[in-house]
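The values are calculated or read from the model by the stated rules, or taken from the named source; none is laboratory data. Predicted model only: the values in this text are computed from it and were never measured. Glycine also receives a Cβ, built like all others from the backbone with ideal geometry; neighbour counts cover every protein chain displayed.
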Amino acid sequence: MATMASTTTADTDARQWEYTTFAPSGETCPACMKPIKSLERCRRGEIERQAGAPVTIYRHIDCADPQETKRRARR
């Protein structure tokens, strides 16, 4: 039986980036600090905090996969 060893989710955890979505208006990518445009596909994830609920974040697709490993695999 598998258990979660940690309560934090690493950036390399594939379960965090399983699909693309659209960010709400006014969201900024925390990786590049640039705004996410309206109707621009992005990745949704969460950052856990010590106190309180996790914070939802949105990143550009290329910022979420800086080495573009997913794009290379499809070629």
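Among the residues of the stretch 18-50, those identified as of a type in the set (Gly, Ala, Ser) and touching a residue at least 12 places away in the same chain (Cβ under 8 Å) are ALA23, SER25, ALA31, SER38, GLY45.
Summed over the stretch 39-49, the residues that are at pLDDT 90 or above and part of a loop (DSSP other than H, G, I, E, B) give a count of 2. Only residues that are surrounded by 13 or more Cβ atoms within 10 Å (Cβ to Cβ) and at pLDDT below 85: list them for the stretch 50-75, please. ALA64, ASP65, listed by residue number. Take the conditions (1) assigned to a loop (DSSP other than H, G, I, E, B); (2) at pLDDT 90 or above; (3) β-branched (Val, Ile, Thr); THR21 misses just one of them, which is (1).
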